[in-house]
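Quick notes on the structure that follows.
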Amino acid sequence: MSDDFGQEQAIRKLAPGKLVIASHNPGKVREIAELLGPYGIEPISAASLDLPEPEETGTTFIANAELKAMQAADLSGLPALADDSGLCVEALGGDPGLFSARWAGPTRDFGLAMQKVWDGVEAKGPDASRSAHFVCALALAWPDGHVEAFEGRVDGMLVWPPRGDKGFGYDPMFQPLGFDISFGEMDPARKHAMSHRADAFARLVAAAF
Ligand code: IMP
C-alpha cells in the first residue's frame, strides 16, 4: 500500500486473539478458522454475535469486502475479516462478477446460473473468448476504522457442459489454466491450494502476521 506521495506504508499487523469472521456461511467460517488457527487467531462468527448482514452496495469486490468487515468491526468492537468473491467472464465484460451469487436466483440454482453464463457467451458468436477468472477480495478491519484489503485471482477457461460434482457454485464450468479438469472434478484440497481464495489468503498472511 502506498500513500499520496507514492511512499510505502506499513500494513497493520493482526495480533493474536479474537477475530470476527463477517460471514453467515458456516463453511466459510470453518475454512477461515482452519487457515488462521496457526497464527493464534480465535475466530468468532458474525452469526454467533447476531451481527446483521449489510447490503453489498459496493462497485468492486474490495469495496464489498471492506463494507462487511468495517461494519462487523464497528458493531463488535473487535477486528473483523470479510470476503467477497465471484466469477468474471471476459466475453461478458466481467459478468456475473459482483453478481455471481445473485445470478443463481433466490433458490441459489447454480445449474441455472451456469446456463445463463454459457448462453451469454454463445450469443457473442463462435469466436467469443472462453477466458474467465475467479476473484476473491479479503478485508481486515479494526474498530478504529482502519482497513486493509487483499485480492487474489485464478485464471482459466469456461468448459461446457459442466463437469464434476466436487465443488460448488460455478466450479463445474471452470477449468484453471494448465489443467485439463474443471474445479468441479478437482480434489478439494488441490483446489484450495491454488484457488483465488488461497491467493488472497497468502497475501493477507504475508502482510498481516
Ligand atoms: P459471495 O462471495 O458469498 O458474495 O458469493 C460469491 C459467489 O461467487 C458464490 O455464490 C459463487 O457463486 C461464486 N464463487 C465464488 N468463489 C467460487 C468458487 O471457488 N467456486 C465456484 N463459485 C464461486
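The values are calculated or read from the model by the stated rules, or taken from the named source; none is laboratory data. All figures in this text were calculated on a predicted structure; none of them were measured in a lab. When we count neighbours, we look across all protein chains shown, and the Cβ atoms used for this are built from the backbone with ideal geometry, even at glycine. Surface accessibility is based on the protein's heavy atoms, side chains included, excluding ligands, DNA and RNA. Shrake-Rupley method; radii C 1.70, N 1.55, O 1.52, S 1.80 Å.
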Original post:
From the residues Phe179, Pro54, Ala200, which one has its Cα farthest along the dipole of the chain in the positive direction, the dipole being from +1 and -1 charges on Cβ of Lys/Arg and Asp/Glu about the Cα centre?
Top reply: Phe179
**OP:** Kyte-Doolittle cut-off 0.0, length cut-off 20 Å along the helix's own axis using Cα: show which whole DSSP H helices in the chain pass.
**Re:** 61-76
Subject >> Simple Cβ-charge dipole of segment 61-209, Lys/Arg +1 and Asp/Glu -1, about Cα centre, in debye nearest 20 >> reply: 200 debye
Original post:
Hey, any idea what % of segment 1-157's accessible area is carbon plus sulfur with a 1.4 Å probe?
Top reply: 52 percent
Original post:
From the residues Gly145, Ser45, Pro126, which one has its Cα farthest along the dipole of segment 17-208 in the positive direction, the dipole being from +1 and -1 charges on Cβ of Lys/Arg and Asp/Glu about the Cα centre?
Top reply: Pro126
**OP:** Compute the accessible area per residue over the chain, keeping the other protein chains in place, probe 1.4 Å, unit Å².
**Re:** 50 Å²
Original post:
Which FRET efficiency value, to the nearest 0.05, is calculated for Ser131 and Asp74 with the Förster distance at 35 angstrom and r the Cβ-Cβ distance?
Top reply: 0.35
Original post:
Among Lys116/Lys191; Lys68/Lys124; Lys18/Lys68, which pairs are too far apart, with a Cα-Cα distance over 29 Å?
Top reply: Lys68/Lys124
Subject >> Rounded accessible area of Ile11 (nearest 10 Å², 1.4 Å probe) >> reply: 50 Å²
**OP:** Send over the Kirkwood Rh of segment 85-206, from the inverse of the averaged 1/r over different Cα pairs, rounded to one decimal Å.
**Re:** 15.0 Å
